[in-house]
Structure formats: C-alpha cells, structure tokens
Amino acid sequence: MNKLYDIRQGMKVALVGYGRAGQAVVRYLGRRGADLLVSDSRSLAELSRDERELLEHYSAAYEGGDHTVEFLGNAEVLILSPGVALEHPVVTEISASGIPVLGELALAAGKFRSPVIAITGTNGKTTVTELVGELLRAAGKKVFVGGNIGTPIMEYLHGSDDYDMVVLEVSSFQLELCGAFAPEVAVLMNITPDHLDRHKTLERYAAVKMKIFNGESVDHAIMNGDDRLCRQFKYLSDRDSFQFFGSSVEYAACIKGVGITIPTTNGPAVYDLSQSSLASVSGLINSAAALLAVRPFDVDYGAALETLRSFKTGAHRLQVIADIDGVIYINDSKATNTGAVNMGIEQVGENVILIAGGKDKGDNYQLLRESVRNCVKHLVLIGETAQTMSKDLGDLAPFTFAASLDEAVLQASSLAVPGDTVLLSPASASFDMFKSYKHRGEAFTRAVNRLLSPENGEGGSGDA
C-alpha cells in the first residue's frame with residue numbers, strides 16, 4: 001500500500017527537474033523548511049534571474065548539467081519532475097539504494113483541503129478539465145483548476161486560498177509516480193498509443209493511465225465506454241465498477257445525435273448541444289465526461305446547459321484561423337498523437353491537405369491510414385518524423401517535404417483549391433522545431449496570416 005509523505009523541517013530533499021512544476025515544488029518544500037538539492041539539465045548561468053533568486057531565497061544547492069548520484073544520493077527523498085523519466089540511470093540507482101522516489105502527485109496525496117476531480121486520457125483531457133471547472137463555477141463554487149494544465153499542483157498546496165473544489169488534469173508522466181494520490185472523482189477519456197518512447201509498450205502506458213482509479217477514496221470512476229482500449233485494459237485498475245459515457249443507452253451518459261442524456265431521479269436530463277461549439281464528435285464526448293464528473297456536486301441543469309452552449313474550445317485544438325479564397329486553415333497543433341489526428345480529420349471531413357510531422361514519440365503512423373485514405377488529398381510533411389510518415393502513408397496520398405512550417409503552409413496554399421481544408425495536425429511532438437505545441441500553433445497562425453498580408457513578411461524558417 002502506498003504511504004503518505006510529509007516533509008519535515010530540515011529534511012534533505014532532492015528535486016530533479018527545475019521547470020515550472022519543479023519551481024512550484026521548490027516553493028512548497030522551501031516553505032516547509034526542507035534542505036533542498038536541485039538538479040537540472042541547465043547550468044546555473046542558463047537559468048533566468050527569477051529562477052536563480054528562487055534557489056537563493058531557499059538556500060537550495062544546485063547541480064547543473066548531468067544529474068549525479070554523488071549530488072542526489074545525499075537526500076532522504078527524491079522528487080522527480082514529470083518530464084524526467086523514472087528509467088534515468090541515476091534515478092534507477094538512487095531508487096535501488098532505498099531512497100524513496102516520488103512524483104508531485106505522491107507528494108500532494110493526503111494534503112488536499114477540498115474534493116478533487118482528476119481527468120486523464122490521451123486526448124481531450126485539457127478540454128474536459130476546462131469544462132469541469134466552468135460547470136462548477138456556474139454552480140457558484142470557487143474552483144482551483146491546474147495540474148498538467150496551467151497552474152502546477154504545488155501552487156495549490158502552498159497557497160492560502162480556500163477552494164470549494166480542485167480540478168486537475170493529470171498526465172501519464174504524473175501518474176507514473178502518483179503514490180497514494182486518489183481523487184474523489186477520476187475520469188479516463190481514452191487510450192491511444194502515445195509517449196511509447198517513454199512507456200515502451202501500450203500495455204505499460206495503459207497501466208499508468210489506470211492508476212487514476214486506484215485508492216479507496218475514489219468514489220466515482222468514470223470511463224469512455226466506447227473506447228476499445230479503455231475497455232481492453234480496465235482490468236489493470238484496482239476496481240470492477242465504472243460509470244461509462246458513450247453511445248449506449250445503458251451508459252450513465254448516453255450520446256445520441258448532438259445531445260447527451262443522463263438519467264436522474266426526476267427523469268432523463270437531456271442536454272441539446274446543437275447550437276454550440278461542442279456539437280461535434282469530440283465535443284459531445286468531452287461534454288458527457290464533464291457532466292458525469294460534476295454530477296455529485298449539485299450543478300443545476302439550466303446552468304450546466306448554458307455553460308456547455310457558451311463554451312469555446314481553446315486555441316490549437318481544431319482552431320479555425322482563416323478562410324482564404326474558399327480554403328479553410330485550421331490549427332490543430334495540440335494533436336500530438338495519431339488518436340487526436342484521426343479525430344480531427346473525422347470532424348473536418350474530406351479534401352484535407354494535412355501538414356504533419358515533428359518529434360518522434362514512438363507512435364504508429366499506420367493508425368492514420370484509414371483517415372488519410374478517406375479524407376486526405378495531399379500530405380505536407382515536416383520534422384524528424386517526416387520520412388517515417390512518408391513510408392507509412394505515402395502510398396495513400398501524394399506527399400511533399402517541407403523544411404519549415406512556413407514552407408509547409410506555402411506549399412499547402414499553392415496546392416489548395418476552394419472547398420479544401422489545410423489542417424495542421426502533426427501526430428508528433430513539437431520539440432524538434434519548436435518550444436511547445438503552442439509555439440508551433442502560433443507559428444502556423446502567423447504563416448497563415450502572412451498569406452492574407454504577404455507584404456507584412458516573407459516566408460522562411462525563422463520559427464523552425
């Protein structure tokens with residue numbers, strides 16, 4: 001059984017990874033009086049002024065460059081930031097020596113002052129997290145929304161605000177070392193192959209996702225009943241009963257047409273989303289999950305329906321950028337895996353010029369074959385996965401390579417005719433050419449806007 005961890009005054013605690021989440025951990029541990037050892041891939045000189053001042057404020061020792069056993073092995077507990085793999089040789093050696101290795105969820109376990117709703121899944125978890133937050137606010141509740149999205153979990157722990165609810169997006173990297181973390185409501189959106197460069201096999205990845213349901217305090221376990229891999233791997237969780245959402249009338253939330261039906265003691269509650277931005281395949285799935293997640297917390301039907309109908313999805317998720325001479329340009333930069341790309345292509349429909357590629361995460365691009373065969377008229381491939389994609393998909397549609405995203409947009413615009421859609425949906429991470437999927441989406445938006453006003457700048461590879 002996983003134990004709860006408390007940090008004592010003077011306890012020597014090591015942290016590997018000093019990004020945004022790591023800095024929140026430093027603030028939390030520093031205020032608890034821990035003796036801090038911080039290790040990061042950047043040298044001290046590469047840190048920003050604020051990052052160096054935070055270390056100085058809490059008298060934290062710092063190791064830049066390579067992580068070493070000599071530095072980290074002096075700790076009583078090692079905290080691993082989500083971006084650092086558990087299989088890192090130094091982490092493995094320290095763990096073998098008997099030093100506990102924790103993630104931020106394990107550190108936070110048992111310390112939440114309000115009920116927690118946690119959402120995970122390969123795709124859709126960000127939108128559902130945002131939706132749940134909005135639905136709870138519509139019910140008059142003060143809500144902390146964070147985790148893998150926006151504000152780190154540790155910011156909540158060392159904050160002084162009293163929240164009625166905590167809503168967390170949690171990734172597979174965070175769940176890998178979640179320890180005794182157990183939310184009151186746990187939601188699993190779907191499972192498609194992703195991050196296999198880290199998790200190695202689909203089963204291991206699924207097992208990590210299923211950890212969200214572990215723990216006796218999980219009162220409501222919510223799962224996508226239409227997702228084949230969720231059903232296939234649910235045996236990896238610690239429980240037998242789930243509330244399902246999907247297309248079956250037997251499910252706790254049934255999607256039919258552009259509506260969602262949820263049984264209540266007063267009869268079925270029907271949410272008609274036909275006049276909303278959520279009237280799509282993914283939008284209805286996300287809405288059904290969010291409605292089930294907030295059901296235990298007395299959210300009024302009318303307030304919920306109005307919230308769903310007025311909700312606007314965020315940037316970089318099937319975001320329409322422009323209509324130029326009858327050609328639609330859509331930014332789906334957040335689609336970093338094949339499952340998200342298939343969903344996006346399904347919603348866009350036929351006559352797609354697909355811009356795809358980026359940093360390899362171990363995904364299987366053969367999973368895109370049906371979508372490409374049915375809907376894609378041309379592939380414009382970028383990044384380090386471009387060659388692999390051309391081999392896996394190039395027999396289904398013509399393809400070209402582009403050295404930058406600017407060049408890809410120019411190629412796509414020259415190929416497109418009225419009625420076509422130019423879709424950036426990479427099925428890959430962004431880190432070979434960009435800082436993040438947001439940076440990539442912003443670069444795509446700028447490139448499209450230059451098509452509207454070519455005199456404002458030339459195409460090039462400045463963002464690559």
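The values are calculated or read from the model by the stated rules, or taken from the named source; none is laboratory data. Treat the numbers as computed from the prediction; the structure is a model and nothing was measured. Every residue, glycine among them, receives a Cβ derived from its backbone with ideal geometry; neighbour counts consider all protein chains shown. These accessible areas exclude ligands, DNA and RNA; they are computed on the full protein's heavy atoms, side chains included. Shrake-Rupley method; radii C 1.70, N 1.55, O 1.52, S 1.80 Å.
Observations, loosely collected:
- Extension reserve of the Val69-Val417 stretch, reckoned as 0.36 nm per residue once the Cα distance is removed: 119.4 nm
- Listed pairs Lys12/Lys234; Lys12/Lys111; Lys111/Lys234; Lys209/Lys391; Lys256/Lys334; Lys3/Lys234 exceeding 32 Å between Cα atoms: Lys12/Lys234
- Scaled radius of gyration (Cα, divided by 2.2 N^0.38 Å) that the range 285-377 gives: 1.36
- Taking N as its residue count, the alpha carbon Rg of the range 286-339 over 2.2 N^0.38 Å: 1.57
- Heavy atoms of Thr421 accessible to a 1.4 Å probe, total area in Å² rounded to 10: 10
- Cα-based radius of gyration of the range 363-450 once divided by 2.2 N^0.38 Å, which approximates compact folds: 1.05
- Packing around the peptides 86-93, 43-50, 302-309, taken as the average count of other Cβ atoms within 10 Å per residue, puts them in this order, highest first: 302-309, 86-93, 43-50.
- The fraction of accessible area contributed by carbon and sulfur in the range 331-464 is 48 percent, rounded to a whole number (1.4 Å probe; ligands and nucleic acids excluded).
- Relative contact order computed over the range 51-126 (Cα-Cα under 8 Å; 6+ residues apart), in percent: 25
- Applying 1/(1 + (r/R0)^6) with R0 = 30 Å to the Cβ-Cβ distance of Gln347 and Tyr301 gives a FRET efficiency near 0.65.
- Semi-axes of the equivalent ellipsoid of the range 92-155 are 30, 15, 8 Å, computed as sqrt(5λ) over the eigenvalues of the C-alpha gyration tensor in descending order.
- Where Rh is the Kirkwood radius over Cα pairs, Rg/Rh for the range 252-293: 0.95
- Heavy-atom accessible surface of His195, to the nearest 10 Å², is about 50 Å², with a 1.4 Å probe and all protein chains retained.
- Relative contact order (%) - criterion: Cα under 8 Å, at least six apart; region: the chain: 11
- Sorted from greatest to least, the principal axis extents spanned by the alpha carbons of the range 142-226 come out as 41, 26, 23 Å.
- Residue-level accessible surface for Glu407, protein heavy atoms, 1.4 Å, Å²: 70
- Relative protection proxy for 274-282, 341-349, from highest mean packing down: 341-349, 274-282 (other beta-carbon atoms within 10 angstrom).
- Long-range tail of P(r) for the chain (Cα pairs > 32 Å, %): 44
- Per residue of the chain, the DSSP helices (runs of n ≥ 4 H) give a summed -39500 (n - 2.57) that works out to -9500 deg cm²/dmol at 222 nm.
- Overall, the accessible surface of the range 142-222 at a probe of 1.4 angstrom is composed of carbon and sulfur to the extent of 45 percent.
- Per residue, in Å², the accessible surface of the chain once ligands and nucleic acids are set aside, probe 1.4 Å: 42
- Computed E for Glu76/Asp238 - FRET, C-beta separation, R0 30 angstrom, nearest 0.05: 0.55
- Cβ-Cβ FRET estimate between Asn2 and Asp219, R0 fixed at 22 Å, reported to 0.05: 0.75
- Gained length - Ala397 relative to Lys111, 0.36 nm times residue gap less alpha-carbon distance: 97.7 nm
- Relative contact order for the range 1-85: 38 percent, from Cα pairs under 8 Å spaced at least 6 residues apart, divided by residue count.
- Accessible surface ranking for Arg373, Arg204, 1.4 angstrom probe, highest first: Arg373, Arg204.
- Net lengthening on full extension, Asp161/Ala61 (0.36 nm per residue, minus Cα-Cα): 33.0 nm
- Here is the size of the range 1-71 from its Cα atoms: Rg then Dmax, 12.2, 42 Å.
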